[in-house]
Amino acid sequence: MTSGRPGAPAAVTGTVAEVVEGVFATVAEVRDAALAPTARDGLRAGRPVLGDDVRDLLHRPGQLAVGLGLVVAPRPERGLPLRLEWWQVDPDGGRLRTLEPDLRPTSLGYYDYTAAEWFDVPRRTGRRHVVGPYVDVHGTGRYLLTLTEPVVVDGEFVGVAGADVSVRRFESHLLRRVDRSAPFLLLNGEDRVVLSTSPRELVGALVSPAEVAAGPAADVPGVPWRLVPVDDRSALTA
Amino acid sequence: MQLLSGDARRAVFAPLDDGALRSEAVVRRVGSAIALGLLGDGEQLPAETELATMLNVSTMTLREALAELRGLGLVETRRGRGGGSFVQARDDVLGELADARLAELATTDLRELGDAHGAVASAAARLAASRASRVEIARLRDIVDRLARADSVTGQRRAEGRYYVELAACAQSVRLTMQEMDLHLELGQLPWPPAHAPALLERIVAAHRAVVEAIEVRDPAAARTLTEEHIEARTVWSIELRLRAGGEAVARREVS
């Protein structure tokens, strides 16, 4: 086990926090854009809440998010069905597309978002949330981190505002910016690898507590993530 | 019509590469999409030219396919304003279509399909045992419960399709998830075994429960083996159905 340069973990957690807060700032802009019209007119079936300017956030320089929008809490008793106002950047090219997932419960491809963690946790806790890496099955079909916060109008939860960051984009963005001299793992709240600078630890894997108990962890401010040092043996020369 | 962009839709309208028997391939694809609920009852299909482009077939081929689907009663075409082709989900027709498809296939085709599904699903189960979160495991369990409760063939098919797709998602793999979706569009063209032998539903449910247990206790080898063994049994079931049907139902076409 090599120990990193003093201060290295703090620098990394700081960079990670900065990147995450940057995406949450975008989420807050989406939320604000949703709040005003919702507070004024309420939610009405078939009437979009977000203006076209919101999707332009995806084209803002330095934007890490590949998708964003509003996901509405259904209220069948008021005639409000499942609904998303979500845009995403085409993986091959910069074109924006509206996400139109299958919202019919009788379909094999039903996008049951009210059960998804990114929707359910902000609804239950009233707080912002980050989930992933996960496969957004039946939705975008991509491998993502999703950041959401609740949209609450007059004390009522009306949905979540959110942004998707593709795991590959998150990785390449951070690998360019952090000090990799001492290998580390970035773990989420369920001990899943979000980012790894060790070839032996794969992104998406769950790490057992015994594996990471060895080194001191450094928490990432603002999200339930932490950085842990790992063994840096090469797999190529072993 | 508004085209859905979910991953399942991508699979339904992906270009066909079957080569020969193109219009039949379109009929089968649409049939299984209806069986799996990916195309809903009353839903409008994309316009002919659009659909032909998506599926990579000529307009002529597509028209032949739509004519056959109309003949089967799975699609209704309305003329005039607001017209177009609309889906009619009919379980009896889907069952007949599946039996006819089975009769066209050789036992080696069924073995190949089972081998491919076994490879994908057992790899997914093994990875899921080390990568699935508690929440995901609970969701798998919930899907299997739904499968056990589903009282229609289509309901059972859809629940089972969701089980395998979710399993692949639990493996944290986009590629395995996509492959599982594609495989289900093919599997959805074949008879659902419990439709012929209802007691098999219990065995399917028990097999999936055993896999979820193995995932829960973090036993990748068991999750993989159980998945593999179950899919091997499924291959045997469909081959038996094929051989049994061989004498009665005359294949509509020679196997190409």
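The values are calculated or read from the model by the stated rules, or taken from the named source; none is laboratory data. Just so it is clear, the structure is predicted and the values come from calculations on it, not from any experiment. Heads up, the Cβs are rebuilt from the backbone with ideal geometry, glycines too, and the neighbour counts pull from every protein chain shown.
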Legend entry - Residue under evaluation A:Pro133, criteria (1) within 7 Å of chain B (Cβ to nearest Cβ); (2) not in a strand (DSSP E or B), criterion not met: (2)
Legend entry - Residue list for the range A:115-146, restricted to those being modelled with pLDDT under 95 and of a type in the set (Ser, Thr, Tyr): A:Thr140
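So if I check each of A:Val193, A:Val160, which one is more than 11 Å from the chain's Cα centre (by Cα), within 12 Å of chain B (Cβ to nearest Cβ) and hydrophobic (A, V, I, L, M, F, W, C)?
Values: A:Val160 fails: within 12 Å of chain B (Cβ to nearest Cβ).
Within the list A:Val193, A:Val160, the selection yields A:Val193.
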Inset, instruction - Would you point out the residue of the range A:98-116, among those that are facing chain B (nearest Cβ under 10 Å) and surrounded by fewer than 20 Cβ atoms within 10 Å (Cβ to Cβ), that is farthest from the chain's Cα centre (by Cα)? - result: A:Thr106
Inset, instruction - Tally the residues that are crowded, with 16+ Cβ neighbours inside 10 Å and within 25 Å of B:Glu240 (Cα to Cα), restricting the search to the range B:112-147. - result: 8
Inset, instruction - Would you mind telling me which numbered condition in (1) assigned to a helix (DSSP H, G or I); (2) over 13 Å from the mean Cα position of the chain (by Cα); (3) within 10 Å of chain A (Cβ to nearest Cβ) B:Leu185 fails? - result: (2)
Inset, instruction - Determine whether the range A:227-234 contains at least one residue that is closer than 17 Å to A:Val130 by Cβ and surrounded by 22 or more Cβ atoms within 10 Å (Cβ to Cβ). - result: yes
Legend entry - Considering residues of the range B:15-32 that are at pLDDT below 80 and touching a Leu at 6+ places or on another chain (Cβ under 8 Å) only, the residue nearest to the other protein chains (Cβ to nearest Cβ): B:Pro15
Legend entry - Conditions (1) part of a loop (DSSP other than H, G, I, E, B); (2) within 14 Å of another protein chain (Cβ to nearest Cβ); number of the one not met by A:Leu84: (1)
Legend entry - Filter result (among the basic types (Lys, Arg) and assigned to a loop (DSSP other than H, G, I, E, B)) within the range A:87-114: A:Arg95, A:Arg104
Legend entry - Answer residue from the range A:117-129, given it is within 14 Å of chain B (Cβ to nearest Cβ), in a helix (DSSP H, G or I) and not aliphatic (A, V, I, L, M) and is nearest to B:Glu160 (Cα to Cα) among those: A:Glu117
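Just for the range A:25-81: of the residues that are closer than 20 Å to A:Tyr111 by Cα and part of a loop (DSSP other than H, G, I, E, B), which one is farthest from the chain's Cα centre (by Cα)?
Our first condition is that a residue be closer than 20 Å to A:Tyr111 by Cα; within the range A:25-81, this holds for A:45-46, A:48, A:66-76, A:79-81.
Then drop every residue that is not part of a loop (DSSP other than H, G, I, E, B), which leaves A:45-46, A:48, A:66, A:73-74, A:79, A:81.
Numbers: A:Ala45: 27, A:Gly46: 27, A:Pro48: 23, A:Val66: 10, A:Ala73: 19, A:Pro74: 22, A:Gly79: 30, A:Pro81: 24 Å.
By that ranking, first place goes to A:Gly79.
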Inset, instruction - Would you mind finding the one in B:Val205, B:Val165, B:Val212, B:Val174 that is over 21 Å from B:Asp91 (Cβ atoms), at pLDDT 95 or above and more than 13 Å from chain A (Cβ to nearest Cβ)? - result: B:Val212
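Which residue out of A:Leu144, A:Leu195 is touching a helix residue (DSSP H, G or I) at 6+ places or on another chain (Cβ under 7 Å), more than 30 Å from A:Pro74 (Cα to Cα) and part of a strand (DSSP E or B)?
Values: A:Leu144 fails: more than 30 Å from A:Pro74 (Cα to Cα).
Checking each option against the conditions leaves just A:Leu195.
Please work out which residue is nearest to the other protein chains (Cβ to nearest Cβ), limiting yourself to the range A:163-188 and to residues that are assigned to a loop (DSSP other than H, G, I, E, B) and either more than 15 Å from the chain's Cα centre (by Cα) or without any contact (Cβ under 8 Å) to a residue 24 or more places away in the chain (or both). Steps first, please.
Start the filter on the range A:163-188 by keeping residues that are assigned to a loop (DSSP other than H, G, I, E, B), which leaves A:176-183, A:188.
Checking the rest, the ones that are also either more than 15 Å from the chain's Cα centre (by Cα) or without any contact (Cβ under 8 Å) to a residue 24 or more places away in the chain (or both) come to A:176-183.
Numbers: A:Arg176: 23, A:Arg177: 24, A:Val178: 23, A:Asp179: 27, A:Arg180: 23, A:Ser181: 28, A:Ala182: 26, A:Pro183: 21 Å.
Per the criteria, the residue is A:Pro183.
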Inset, instruction - Would you confirm whether any residue within the range B:203-210 is buried (at least 24 other Cβ atoms within 10 Å of the Cβ), small (Gly, Ala, Ser) and within 20 Å of B:Glu228 (Cβ to Cβ)? - result: no
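How many of the residues in the range A:198-229 are assigned to a loop (DSSP other than H, G, I, E, B) and at pLDDT 85 or above? Don't jump to the end; show me each part of the working.
Of all residues in the range A:198-229, those assigned to a loop (DSSP other than H, G, I, E, B) come to A:198-205, A:207-208, A:213-217, A:220-225.
Of the ones still in play, those that are also at pLDDT 85 or above are A:198-205, A:207-208, A:217, A:220-225.
Number of matching residues: 17.
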Inset, instruction - Starting from the range B:155-173, take each residue that is under 17 Å from B:Gly31 (Cα atoms) and touching a residue at least 24 places away in the same chain (Cβ under 8 Å) and list its partners that are of a type outside the set (A, V, I, L, M) and part of a helix (DSSP H, G or I), counting only C-beta distances under 7 angstrom and pairs at least six apart or across chains. - result: B:Gln156/B:Pro194; B:Gly161/B:His184
Inset, instruction - Tell me which residues, restricted to the range B:110-130, are without any contact (Cβ under 8 Å) to a residue 40 or more places away in the chain and not small (Gly, Ala, Ser). - result: B:Glu112
